Every structure is written in structure tokens, then in C-alpha cells.
1. Which residues, counting only those in segment 122-134, are surrounded by 16 or more Cβ atoms within 10 Å (Cβ to Cβ) and in contact (Cβ under 8 Å) with a residue 40 or more places away in the chain?
2. Go through segment 41-50 and report how many residues are over 18 Å from residue 150 (Cβ atoms) and surrounded by 14 or more Cβ atoms within 10 Å (Cβ to Cβ).
3. Mind listing whichever residues of segment 243-295 are in contact (Cβ under 8 Å) with a residue 24 or more places away in the chain, part of a loop (DSSP other than H, G, I, E, B) and surrounded by 13 or more Cβ atoms within 10 Å (Cβ to Cβ)?
4. Is it the case that residue 138 is more than 20 Å from the chain's Cα centre (by Cα), in a helix (DSSP H, G or I) and loosely packed, with under 12 Cβ neighbours inside 10 Å?
5. Taking into account only those residues within segment 27-39 that are loosely packed, with under 14 Cβ neighbours inside 10 Å and more than 21 Å from residue 144 (Cβ to Cβ), which is farthest from the chain's Cα centre (by Cα)?
6. Quick one: how many residues across segment 166-175 are touching a residue at least 60 places away in the same chain (Cβ under 8 Å) and either over 30 Å from residue 51 (Cα atoms) or surrounded by fewer than 18 Cβ atoms within 10 Å (Cβ to Cβ) (or both)?
7. State yes or no: is residue 166 under 24 Å from residue 10 (Cβ atoms), assigned to a helix (DSSP H, G or I) and modelled with pLDDT of 95 or more?
């Protein structure tokens, strides 16, 4: 809940600030102690909390599925094996329904994308103060830091750096397979010879820059929409949890009402968490199918 030493605005800003490591203007390296310091560090600064949670959740995903694979039994499967098999069947059906090419990479990538994004989104269901308060206490206890200057966000998908990183990775694979399957000429033709065409070569030459402009905008929009959709939905969800948490410091009445709101939003947010992971996975499959399809 909001600290009595913080205003509501300060509380919100504190919870929306990432733990940032980078180079200070004086040339030294270290953690940012304010949003202004984080901004001064520039593009090469690292969001430590985003990296920590995204890597940790990725490792957890690998460990969990590896454990299920090692313990797989052809007889009566256990709960974990049932869950993993259900996930694999779900991904397999999704890939079969959306991907018409042949590429052994697509199904494992779709599984990884769905589970990894779901785990990152699921962190939004942890009460907003639990982990940040614990990290702030540890920072004050072990390093003597001001707890109000210790920042720690726990939902990697509310950081546009993470969502853009994933989207650009998918986009890079899409470009790679577009060129690999269709060749440089075929890929260039997709960008310049449609949607407008003509049997007259002079008219076709006039259409080429128009086609390229339209197709290039459509191409660039793919990673933008993929990343911003996930970021926007999860950021909004996190903001609502933060606003509800402020109600706990406004008296017993509002605190009880806030508890009801938090429970209701958490139940509804489970749908959003799952849906956003599914959308990200589905669009990844669709983009890979577009890369393998010839016009």
C-alpha cells in the first residue's frame, strides 16, 4: 500500500520506475536513484529487474518442461506430464491451423513464446507491494540505500524494452525466412509489385514506389503492433492494480472496497494474461506463415 511518507503521485511513479543500471554523466557506472538519473543514462542503460525476471522465468520454463520430459511415463501420467502434454497438443493444433509451410522451428518457438509470455504476464497477479517492498528493505538493510530510491518492477511485459525485444526477434526471423524461401528477388517483388500492378511496364514502374511505400509501412507495422499490444495491455493492468493499492491507505472503508476491486480485477486479469500470451503466439505463427507463403 502507499507509504504515509509518499504522496499518491510519488507512489505511482515509484512503482512504474525500473531498476536501471548504466553510466552516469560523470563517467561512473551504477544504479539510478531517480527517474531523472535513469533518463540521463541513455539508450545503453539496462533495466536490471526486467532482465532478471525475464531470464529467471525463461529458465523456470526450461526446467519445468525438462523435468516433465525426464519423468514422462507411458503408463499413467502424473499431473505435470498431463499439463505439459496438454500444452504441447494445444500448440500443435494452433500451428497446424495457422502455419501452412514446413519448418520444424515454428512449433517449438510458438510453445516457448506462449509459455514465456504467459509467465511474464502472470507476475502481474502478485500484489504490487510484496516484492518491491522486500527489495527496498533488503537494499536499505544490506547497502544502506534509501528505500524510496530502490526501484523494482516485477512484470517484464510492462517494459517496452522487453516487448520490443521479443517482437524484433520474431521480425528478424520473419525477414530471414522470407529471403530464404523466396529469395532476394521474390521478397523484393512482394514489396514492390503489389497491391497495384499493370501489364504496361511504364505504368508498373510508376506503381513500384507506391507499392513499396504501402508494403513497407505494412511490414514495419508488424513488430510495432506485436510489441505495443502486449505492452499496452499489461501496463494498463499494472496501473489499475497500483491505483487499487492506493485505496488501502485511505481508510478502512475504501480499503475494504479496494480489496473487493482487487479480487475482481485479478480474476478478470487472468483472462487478459492468458489472452495476450495467446495473441502474441498466434501472430508469431501467422507472421512465420507469411514468410513461407509465396504470392
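The values are calculated or read from the model by the stated rules, or taken from the named source; none is laboratory data. Keep in mind it's a predicted model, so treat the numbers as computed, not measured. We place every Cβ from the backbone using ideal geometry, glycine too, and count neighbours over all the protein chains shown.
1. 122, 123, 124, 128, 129, 132
2. 0
3. Matches in segment 243-295: 293 only.
4. no
5. For segment 27-39, the residue satisfying everything is 27.
6. Summing the residues that are touching a residue at least 60 places away in the same chain (Cβ under 8 Å) and either over 30 Å from residue 51 (Cα atoms) or surrounded by fewer than 18 Cβ atoms within 10 Å (Cβ to Cβ) (or both) in segment 166-175 gives 1.
7. no
Okay, residues lined up against (1) touching a residue at least 12 places away in the same chain (Cβ under 8 Å); (2) part of a helix (DSSP H, G or I); (3) under 30 Å from residue 16 (Cβ atoms); (4) in contact with a helix residue (DSSP H, G or I) (Cβ under 8 Å, 6 or more places away or on another chain):
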{"position": "55", "(1), (2), (3), (4)": "no, yes, yes, no"}
{"position": "66", "(1), (2), (3), (4)": "no, yes, no, no"}
{"position": "69", "(1), (2), (3), (4)": "yes, yes, no, yes"}
{"position": "75", "(1), (2), (3), (4)": "no, no, no, no"}
{"position": "81", "(1), (2), (3), (4)": "yes, yes, no, yes"}
{"position": "87", "(1), (2), (3), (4)": "yes, yes, no, yes"}
{"position": "103", "(1), (2), (3), (4)": "yes, no, no, yes"}
{"position": "120", "(1), (2), (3), (4)": "yes, yes, yes, yes"}
